[in-house]
Amino acid sequence: MRILIEEYQYDVAKVKDILHGIDALENVEGKVSIHYVGYYYNTLLKDCVFILPKVLLKDVNGQELAFGKYIPEDIVSPDKNKDMEVREKDFLYKFAVWIYRAIVVFKNDKKNDTSIVYHTKIAQIGKGSRRLSNTYLDILLQLLQFNRDNQSFFFFIVKNLHSGYNKINWTRTISHETAIVQGEQPIYLKAVNKKRQINFDEELLVIFFSILNYIGDTYGFHKEIKCQFQLIKGAQFKTYLNGYGLTRLRQIKYKYFSDKALELWNLCYAFFDEARQVFVNTEKKEYLLVKDFFSVFESIIDELIGDNPLPDGMEKKQEDGKIVDHLYTAKSLIESETGQTYYIGDSKYYKMGHPLGNESIYKQYTYARNVIQWNLDIFNRGDVPQSGVKLRDDVTEGYNIIPNFFVSAKMDEAFDYAHDGIEKTDRRHNRHRKEQFKNRLFDRDTLLLFHYDVNFLFVLSLYARDNVSQKAEWKHKIRNKFREEIQDWLQDEFSFYAMAAKPGVDARLYFKTHFQEVLGKTYKPFADDSIFSLALDKKDRDSNNLLLAELEKFFFVEPCKLGENPEPIINEARKREVVPAPEKDGVLMVMMEDYDTKSKNFLATGKIAVGVKYTKESMEIVEHLSSIGYVLFHHRSAKGQHLFAVKDACKVVSTVEVELDRYKNVKTTEMYLSVDIDTGELDVSTFDSTKKEYTKETRYDSQFAVISELEA
């Protein structure tokens, strides 16, 4: 077996013979690199060549080394390198199987671009040219091929094994057992059957099918086991792998005489021996190669992390031509229960330790902006996305956080396939934040980016096995891990609070009135619409303290971690709060210039709605509603000025709540002051225009006067 590494610059003179049969162009400096990953047979050397992924390479002091310590030219022939450890040679020997399996799974997935895969069928066992040596992959493929080609051979053996079993041996029965005669008929209570003895053909089949079962479970090959034998599994099969398999096969070797049985014995022995002694026919060229292996790596990560198809009708290729690698919906970072958001991922197929480039980071931010706009467009069309995700909150005009991350590969130094090894990269290079305005986490221009490394061997083997339940289990685990660790990062840098309006405060109106102060800091993510999330950057302490002091006048504001249920926290705050009844000594004067003097029952309808414009002065009215004790409707006519006084009956309602057809003279505005006449104390009087001692009036609009204190 010969080993080459993808994209490494080899000296042509050292690898010229090895490259026979594959197109690799030499540059002007006498260097050559291969842009394939996979397997091919070199007819010149009569040996197989594996081209392994570049993740095996690590930059050490400016030099690319395999495993971080070998010059790639020195491990082209691992068996001849005395410096390599046995475990490293064994790793290379079996690593090729995983690469082969991953390419096969990629090739069989119809959604992938299979045009990058080049495949000619692997060689068959038989007579003809002989390879110099064979790999572990060869042995596995020959075992599988033998199973496919020799089903009739297996059934013939099974039929012979079981013929005559459970048939009564009457000669032995009559000579050894006493009969009971009943009605001149002898009855034997204990018949003698043909005894079952050890059959070495059956034992060989049990070993063979146990091997198939093992490589199917381990590497994901399709087993196709049709004979129902009691197979050797688990700890017992490990004893076979650790030496007993060879011992037992040697013990039964001389029991076989047919060509097929001997061929099967040789295959089983080669599997346990890993001695590469199987000879195969190499009369024609064979290969399984994939160009642009980064596409395979993207497919691996997408299969194990992403959603397919993408949520809400999105396409991988976005409208600006950029292609997003991974996208899925999962639990929001803020809410603890049902809230969902989009997660955006990107695969980076680098050599070990390769840093992210600025271009990659900028592109990832662009992916997030495109996803945000896609979601907004759905709602702007009047539709609701199937996922239920709504990134913008209409009350606060804040945006949900979109987790955004990179996943790159690393090589486990212990060659461990069992653990994902996923971890955040170095802190300085792990966290990225792009923002237009400081201290606005819930802003569409505040974008976050994480970077993770994952054990390449783990994801490769998980993908290659193609086990649905194993993939689903890891997908659930890793999505939770991403969510929890991004939450931890945010809570390192931001303080999070739950907010709920105090009695008598209209939260929606407050956010509109103080739009600039709370924009990007507040968001409504929870199932309870009355509770909001507040996020404040810990670096901006002075500004945060001022904002908190102001908010606490109108809201219950309590610390609440990301993902924590805010309802118990807010309910506890409500219990602690004792709100004194406000002194209702304020007066709101409304100028009724459009009042119909012919109407005798002006207040008989029960309610009056007065349009409120969003101006600085009108917002002062809204903020002091709780202190308004009287509303004076003022109309000036030829007969004098009419003042209608209503006590304790003023509140703010939205345009939707107002029955506009009842208020034909009211101009359409965004909100209204509604006065409930039926419940208020009504006092109708006519005052002389010269009697100013009753009110202080500062007029600012044709419809309104500011709140003032009622004079004695």
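For Ser387, the residues 5 or more places off, or on other chains, whose built amide H falls under 5 Å of its own are Asp312.
Here the 3J(HN,Hα) profile of segment 462-468, calculated from phi with Karplus coefficients 6.51, -1.76 and 1.60 at θ = phi - 60°, is 5, 5, 5, 5, 6, 8, 4 Hz, Gly and Pro shown as x.
Taking label positions 7 Å along the Cα-Cβ direction at both Asp394 and Lys539, the computed distance is 3.5 nm, reported to one decimal. Applying 0.36 nm per residue to the separation of Glu493 and Asp83 and subtracting their alpha-carbon distance, the gain on full extension is 142.7 nm. If you roll a 1.4 Å probe over the heavy atoms of the protein chains, what accessible area per residue do you get for segment 421-499, in Å²? Result: 43 Å² per residue. Computed with every protein chain present, the accessible area of Glu484 is close to 100 Å² [probe 1.4 Å].
Among the listed pairs Lys94/Lys477; Lys434/Lys481; Lys331/Lys512; Lys111/Lys477; Lys317/Lys561, a Cα-Cα separation exceeding 31 Å is found for Lys317/Lys561. Ordered by 1.4 Å accessible area with all protein chains kept, Asp47, Asp292 run largest first as Asp292, Asp47.
When the residues Val407, Val206 are ordered by accessible surface, computed with a 1.4 Å probe over the protein chains alone, the sequence from largest down reads Val206, Val407. The 3J(HN,Hα) values that the Karplus relation (6.51, -1.76, 1.60; θ = phi - 60°) gives for segment 359-375 are, in residue order, 5, 4, 5, 5, 4, 5, 5, 5, 4, 5, 4, 5, 5, 4, 5, 4, 5 Hz. Gly and Pro appear as x. The phi torsions of segment 527-539, fed into the Karplus equation with coefficients 6.51, -1.76 and 1.60 and a -60° offset, translate into couplings of 4, 7, 5, 8, 10, 10, 9, 10, 10, 10, 5, 5, 6 Hz, rounded to whole numbers, with Gly and Pro shown as x. Surface calculation, 1.4 Å probe, protein heavy atoms: Glu564 sits at approximately 80 Å² accessible. Residues whose amide H lies under 5 Å from that of Phe494, counting only those 5 or more places away or on a different chain, are Lys538; hydrogens are built 1.01 Å from N in the peptide plane.
Rolling a 1.4 Å probe across all protein chains gives His419 an accessible area of roughly 120 Å².
If the viscosity is 1.567 mPa s and the temperature 4 °C, what translational diffusion coefficient in µm²/s does Stokes-Einstein give for segment 424-511 when Rh comes from Kirkwood over Cα pairs? For the chosen part, D equals 77 µm²/s. Taken over segment 467-544, the convex hull of the Cα atoms encloses 121 Å³ per residue. In this structure, the amide hydrogen of Ile51, modeled 1.01 Å from its nitrogen in the peptide plane, lies closer than 5 angstrom to those of Leu4, Gly38, Tyr39, Tyr40, counting only residues at least 5 positions away or on a different chain. Charging the Cβ of each Asp and Glu at -1 and of each Lys and Arg at +1, and nothing else, the dipole of segment 301-355 about its Cα centre rounds to 320 debye.
The values are calculated or read from the model by the stated rules, or taken from the named source; none is laboratory data. In this text, all values refer to a predicted model and were calculated from it rather than measured experimentally. Note that each Cβ is placed from the backbone with ideal geometry, even for glycine, and that neighbours are counted across all protein chains shown. Remember, those area values only see protein heavy atoms, side chains included, never the ligands or the DNA or RNA. Shrake-Rupley method; radii C 1.70, N 1.55, O 1.52, S 1.80 Å.
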